[in-house]
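Below is one structure, written out as structure tokens; the observations come after it.
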Amino acid sequence: MRSVIALFMASLKAQYEYRLNFWLDTLINGANLFSDFLLMAFLMLSFKEIGGWSLGEIAVIYSIVEMGWGIFRLFGEGLHRFEELMVTGRFDLLLIRPMNTVKQLLLERIDFRRLGVVIEALAVAVFGFTASRIDFGDMWLAYIVLVFFSTVMTFEINIILAAIAFWTVRNSDIIVLAFYSTRTAAMYPAHIYGPVLKNVLTFIVPLATVAYFPVGYLTGRITSIIALISPVLGVTALLPVTVLIWKLGLKHYASTGT
């Protein structure tokens with residue numbers, strides 16, 4: 001625990017040394033993703049609702065997905081930039097240390113600039129609960145639980161995508177295709193898509209299980225109890241796949257020869 005606290009303070013001190021740059025980066029990180037929500041809001045000014053969901057209700061789904069992404073970027077910068085470790089050969093250093101490689105990647109750097117994303121997602125959640133018929137007084141605990149599962153799911157997916165670099169070395173394009181696009185799609189109600197994309201969001205990159213399905217159940221749009229427990233099912237089903245692919249990648253890794 002002391003090492004985690006020491007890392008926390010060292011990362012904060014290093015990033016806060018240039019205060020103006022730190023606050024500008026934090027603001028820009030939040031504003032960049034908030035622009036996505038503004039586009040959604042402007043679109044719904046014309047259509048009023050999408051697939052029977054109001055802007056406020058979609059904002060809650062958006063917030064859960066984005067909060068998971070923001071927390072991941074806060075602690076998972078090492079995983080997000082795993083390609084750099086492969087290209088430069090710096091991953092070799094992690095292998096000779098007496099600590100799990102994933103833990104080392106998570107403890108490598110805490111990127112406090114990503115707090116802008118977390119704050120932006122929280123602001124959207126406040127708007128969503130205010131503008132919809134969802135009572136935050138009854139839903140705040142459920143919201144926190146769903147954010148937790150969204151964060152775990154995001155970590156699992158990105159560990160898998162990072163592990164792909166053991167075979168391909170570079171994986172940035174794969175991340176854009178497999179995660180960025182599906183994350184954007186998961187911000188909307190999944191039933192508005194065709195069966196192929198809906199199945200992708202449910203079974204392959206199962207971000208819909210941590211936001212759309214449980215929120216749909218809690219708002220009465222989905223009656224199956226499976227929708228309520230879908231975050232647990234999704235995270236649990238993906239965990240062994242994540243562990244297996246990472247371990248296979250470690251066995252396949254042959255260093256860069258540096």
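The values are calculated or read from the model by the stated rules, or taken from the named source; none is laboratory data. Being a predicted model, the structure only gives us computed values, none of them experimental. Note that we place each Cβ from the backbone using ideal geometry, even for glycine, and neighbour counts take in every protein chain shown. Quick note on the areas: whole protein, heavy atoms, side chains included, nothing else; ligands and nucleic acids left out. Shrake-Rupley method; radii C 1.70, N 1.55, O 1.52, S 1.80 Å.
Note on the chain: GNM, Cα springs under 10 Å; of LEU207, LEU55, LEU39, the largest mean-square fluctuation is that of LEU39. Rounded to the nearest 10 degrees, the inclination of helix 2-15 to the longest alpha-carbon principal axis of the chain is 80 degrees. Accessible surface computed residue by residue for region 100-258, with neighbouring protein chains in place and a 1.4 Å probe, gives 49 Å² per residue.
According to the square roots a ≥ b ≥ c of the eigenvalues of the Cα gyration tensor, what is the shape class of region 145-217, taking rounded for a/c under 1.5, prolate for a/b larger than b/c otherwise, and oblate for the remainder? Since a/c reaches 1.5 but b/c is at least a/b, the shape of region 145-217 is classed as oblate. Probe radius 1.4 Å, ligands and nucleic acids ignored: give me the carbon and sulfur share of the accessible area of region 150-248 as a rounded percent. Carbon-and-sulfur percentage of accessible area, whole number: 75.
Distance between the pseudo-spin-label points of LYS48 and ILE174 (7 Å out from Cα toward the beta carbon): 4.6 nm. Counting charges near ILE71 (Lys, Arg +1; Asp, Glu -1) among other residues having Cβ under 14 Å from its Cβ returns a value of -1. Taking the Cα centre of region 69-209 as reference, the dipole from Cβ charges on Lys and Arg (+1) and Asp and Glu (-1) amounts to some 100 debye. 3J(HN,Hα) along region 222-229: 10, 9, 6, 5, 4, 4, 5, 9 Hz, from the Karplus curve 6.51 cos²θ - 1.76 cosθ + 1.60 with θ = phi - 60°, whole Hz, x for Gly and Pro.
For region 46-128, give the percent of accessible area contributed by carbon and sulfur heavy atoms, probe 1.4 Å, rounded to a whole number. That share works out to 65 percent.
Put the Cα centre of region 34-78 next to the Cα centre of region 194-250 and the gap is 18 Å.
Each peptide in 69-78, 142-151 gets a packing score, the mean of other Cβ atoms within 10 Å over its residues, and the list from highest to lowest is 69-78, 142-151. Going through (1) 19.1, 59; (2) 31.9, 130; (3) 22.8, 78, the figure that equals Rg and Dmax of the Cα atoms in Å as computed for the structure here is (1).
Residue by residue, region 77-89 carries 3J(HN,Hα) couplings of 4, x, 6, 5, 9, 4, 4, 5, 5, 5, 5, 8, x Hz when phi is fed to the Karplus relation 6.51 cos²θ - 1.76 cosθ + 1.60 (θ = phi - 60°); x denotes Gly or Pro. If R0 equals 35 Å, the separation of the Cβ atoms of LEU244 and ILE192 corresponds to a calculated FRET efficiency of about 0.60. The sum of -39500 (n - 2.57) across all DSSP H runs of n ≥ 4, divided by the residue count of the chain, sets its helix-only mean residue ellipticity at 222 nm to -22500 deg cm²/dmol.
Grab the other residues whose beta carbon is less than 12 angstrom from that of SER172, score K and R as +1, D and E as -1, and report the net. So the surrounding residues net to -1. Summing +1 for each Lys or Arg and -1 for each Asp or Glu among the other residues whose beta-carbon sits under 15 angstrom from that of PRO214 gives -1.
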